[in-house]
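Here's the structure we're looking at; comments come further down.
Every number here is computed from the coordinates shown, using simple stated rules; none is lab data. Since the model is a prediction, treat every value here as computed from it, not as a measurement. Because the Cβ atoms are built from the backbone with ideal geometry, glycine has one as well, and the counts that use them run over all protein chains shown.
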Amino acid sequence: MKKEEFKQKTYDVLNELADYITKLEDKAGEIAEDAKEEYRERLKNLKEIKNNLSAKLEEYEQVADSKWDVVKDSAVNFFASVADAWKENFGKVADAFKKEKTGDCCDDADADTPD
């Protein structure tokens with residue numbers, strides 16, 4: 001991966017993550033009461049991921065093009081770890097919404113059993 005390609009992908013992810021965080025903040029009031037603390041924690045984690053990614057991007061932007069090959073593997077590995085952390089937190093936030101939907105209407109214990 002070339003330095004410019006890495007930068008562009010990182011900016012794309014940062015923008016997507018920022019949009020996602022904004023949407024989550026807008027929907028915070030819709031979360032079931034018992035899931036709000038976990039939701040806030042996941043939102044905090046996503047913000048930390050975004051901040052770490054921004055800081056790392058600034059760090060990599062300072063690397064001279066001639067040295068990019070030396071740090072490329074580190075950059076790609078960092079990017080992959082951010083993606084994994086984001087997916088994990090996204091899944092847990094989605095679960096908080098599921099708790100709200102299922103908790104209000106019915107008992108999930110029998111949800112998988114046919115009538």
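Using a cut-off of 18 Å between Cα atoms, the listed pairs Lys23/Lys56; Lys44/Lys72; Lys9/Lys44; Lys9/Lys72 include Lys23/Lys56; Lys44/Lys72; Lys9/Lys44 as exceeding that distance. Near Leu24, once Lys and Arg are set to +1 and Asp and Glu to -1 for all other residues with Cβ below 11 Å from its Cβ, the sum equals +2.
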